[in-house]
Amino acid sequence: MKSPIRAVTLDLDDTLWPFAPIGERIECALHDWFVAHSPRTAERFPISEMRHLRERVFAQFPEHAHDLGLLRRLTIERALKESGDDPALATAAYAIFFRERNRVDFYADAEAGLQRIAARLPVAGLTNGNADLGAVGIAPLFVFSLSAREYGAAKPDAGLFHEACKRLGLPPHQVLHVGDDPRTDIAGAAAAGLQTCWIDRGDHTWPEALAHADLRVTTLGELADALDAHLHKEQAA
């Protein structure tokens with residue numbers, strides 16, 4: 001790390017928990033709900049067809065690409081409408097989505113590592129997704145969480161990173177962004193002037209064309225160790 005670190009911005013999905021199991025639970029829970037409350041929708045849109053419908057809705061509304069919750073809601077409403085059922089049922093169906101979206105299984109290292117980091121430095125969530133830290137149960141460890149939906153644009157947009165730094169009251173070079181995605185997290189943060197840490201969960205191969213992150217770790221425990229060493233060295237200087 002090149003200069004003092006005064007705060008951390010932290011990606012959520014695939015950094016604190018894997019998203020794939022969440023996505024599968026959402027699909028199954030929604031389908032089960034439709035079977036019970038809107039059988040015509042369940043028949044017209046089994047899980048595979050609902051997935052295709054979601055892709056069509058996402059493609060139809062690129063202006064809402066930063067708001068995944070809205071696109072989910074629009075998908076549910078479209079499924080109900082095309083099945084000849086009441087679109088008003090979307091509110092209850094979306095509640096099922098929200099519940100399952102925020103049932104997460106943390107990586108084994110994530111909670112303890114996050115607690116160690118948050119005890120030393122302010123931590124802000126910075127996500128393109130729609131996890132709710134209050135519903136997940138870890139909001140007290142964060143000074144705030146900023147989503148692409150709230151800001152109006154998704155990572156790697158530099159403005160999202162700059163808004164987080166503004167809220168932290170710090171210049172970008174004193175903020176370390178931690179995430180799993182080489183392009184949206186690391187390249188995006190670096191272009192915005194933040195220091196960067198790639199948490200390599202094994203889901204991505206580093207693109208040869210990209211400059212390397214300032215730090216690479218495989219667990220949040222490793223990151224906590226690195227930050228402890230960095231802060232100790234700074235204090236001893």
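Tabulated results
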{"quantity": "Residue list for the stretch 78-91, filter: within 17 Å of F45 (Cα to Cα) and out of contact with any Leu (no Cβ under 9 Å at 6 or more places or on another chain)", "calculated": "K81, S83, G84, D85"}
{"quantity": "Close pairs from the stretch 2-20: first over 19 Å from A190 (Cβ atoms) and open to solvent by 30 Å² or more (accessible area, probe 1.4 Å), partner assigned to a strand (DSSP E or B) and not basic (K, R), Cβ under 6 Å, at least 6 apart", "calculated": "F19/D13"}
{"quantity": "Per-region count, the stretch 187-221, residues closer than 16 Å to A110 by Cα and touching a Leu at 6+ places or on another chain (Cβ under 9 Å)", "calculated": "5"}
{"quantity": "Residue, least open to solvent (accessible area, probe 1.4 Å), within the stretch 23-32, restricted to residues that are touching a helix residue (DSSP H, G or I) at 6+ places or on another chain (Cβ under 6 Å) and farther than 14 Å from A92 by Cβ", "calculated": "I26"}
{"quantity": "So I47, is it closer than 17 Å to L71 by Cα, under 20 Å from the mean Cα position of the chain (by Cα) and of a type in the set (A, V, I, L, M)", "calculated": "no"}
{"quantity": "Complete set of residues in the stretch 134-165 that are closer than 24 Å to A110 by Cβ and among the charged types (D, E, K, R)", "calculated": "R149, E150, K155"}
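The values are calculated or read from the model by the stated rules, or taken from the named source; none is laboratory data. Small disclaimer: the values here were computed from a predicted structure and weren't measured. Every residue, glycine as well, gets a Cβ built from its backbone with ideal geometry; the counts of neighbours run over all protein chains shown. Each accessible area value is taken on the protein alone, full model and side chains, heavy atoms only, with ligands, DNA and RNA left out. Shrake-Rupley method; radii C 1.70, N 1.55, O 1.52, S 1.80 Å.
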